[in-house]
Amino acid sequence: MDASAHGGPHADGGGHSGGSGARTGLTLTTAAFLFLLLRLFAVVDHEWETAFAVLHTLDVEDSIGIVLGTLMADSVAAAVALALLVPLAVFRTYARWRLPRRDPWAAETHGPLDLADGLLPAIALVTMATYVWSFHAWWLPPAALLVGAVFLGLQRGARPGGRRRRAAIWAGHHLGTLLVTALLVGAATVSTPWVPLERIGLRGGTELRGYVMQAEPGFLKVLTASDRRFLILTDSAVTSRKEVADH
């Protein structure tokens, strides 16, 4: 009886933990599938047959490139994401380090700092610095500071345990959820593909602007920039390729 009494909770707890892990894995898998689906339809202007053709140029190992390409493809979307998410990343680390000593409610939900707490804001700040240097977007750091000030003001100015304070702390805790949400919104709205735009010279002196979705020996699979048609060009038909830096 004693063994049964003590074993039950442990068994239940283990089962609950396993179920939670399975649900988390399923959620991430679903989010990844939704991201790729939204991204695929966005870059082909929601043309089903073109999406089907582009789908066959993708491999499993392309997933990381597609995610990073989404973040880097549209400079305006990237700037908005950086201005919103960098302050949250920095505040999350600050909150985990500082707030448990001052705020009893926060102390119940913050754990000790780990490696991710230090790396996350460092990666965010390096990414912002690279963006600013590349696009001379000197306005971006002040914009991020303003967002951070508003966020910190909501967290500090609201009464302890109040709705606004809890919402601000929740945003700091759930940075991953906010990041996934931002990625899904970007996937659905950024129509620029995850590969560079190119000027492709053809025999006869003509030229087209497009995105090389796949380059195989003997042919190129190209998505045109203007009308998003899917073309297969033989190597013999292509005379030159040049990446378009500003697009």
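The values are calculated or read from the model by the stated rules, or taken from the named source; none is laboratory data. Keep in mind that what you see is a predicted model, and the values were worked out from it rather than measured. Reconstructed Cβ throughout: ideal geometry from the backbone, glycine too, with neighbour counts over all protein chains shown. When the accessible area is computed, the model is the full protein with side chains, heavy atoms only, and any ligands, DNA or RNA have been set aside. Shrake-Rupley method; radii C 1.70, N 1.55, O 1.52, S 1.80 Å.
General remarks:
- Test: residue in the stretch 205-213 that is open to solvent by 30 Å² or more (accessible area, probe 1.4 Å), within 19 Å of Phe41 (Cβ to Cβ), touching a strand residue (DSSP E or B) at 6+ places or on another chain (Cβ under 9 Å) and not polar (S, T, N, Q): no
- Looking only at the stretch 214-238, residues that are open to solvent by 80 Å² or more (accessible area, probe 1.4 Å) and among the hydroxyl-bearing types (Ser, Thr, Tyr) come to 1 in all.
- In the stretch 214-247, the residues that are in a loop (DSSP other than H, G, I, E, B), touching a helix residue (DSSP H, G or I) at 6+ places or on another chain (Cβ under 9 Å) and more than 21 Å from His46 (Cβ to Cβ): Pro217, Gly218
- Residue selection: Ala122 fails the criterion of being open to solvent by less than 90 Å² (accessible area, probe 1.4 Å), within 15 Å of Leu84 (Cα to Cα), modelled with pLDDT under 85 and not in a loop (DSSP other than H, G, I, E, B).
- Scan the stretch 36-58 for residues that are open to solvent by 80 Å² or more (accessible area, probe 1.4 Å) and not in a helix (DSSP H, G or I) and the total you get is 4.
- Of all positions in the stretch 102-113, at least one carries a residue that is modelled with pLDDT under 60, more than 30 Å from Thr27 (Cα to Cα) and basic (Lys, Arg).
- Within the stretch 186-202, residues that are over 13 Å from Leu40 (Cβ atoms) and open to solvent by less than 20 Å² (accessible area, probe 1.4 Å) have Cβ atoms under 9 Å from residues that are outside any helix (DSSP H, G or I) and of a type in the set (S, T, N, Q) in these pairs: Ile200/Thr239; Ile200/Ser240; Gly201/Thr239; Gly201/Ser240, counting only partners at least 6 apart in sequence or on another chain.
- Hey, Arg159 of a type outside the set (Ser, Thr, Tyr), at pLDDT below 80 and in contact with a Phe, Trp or Tyr (Cβ under 9 Å, 6 or more places away or on another chain) or not: no
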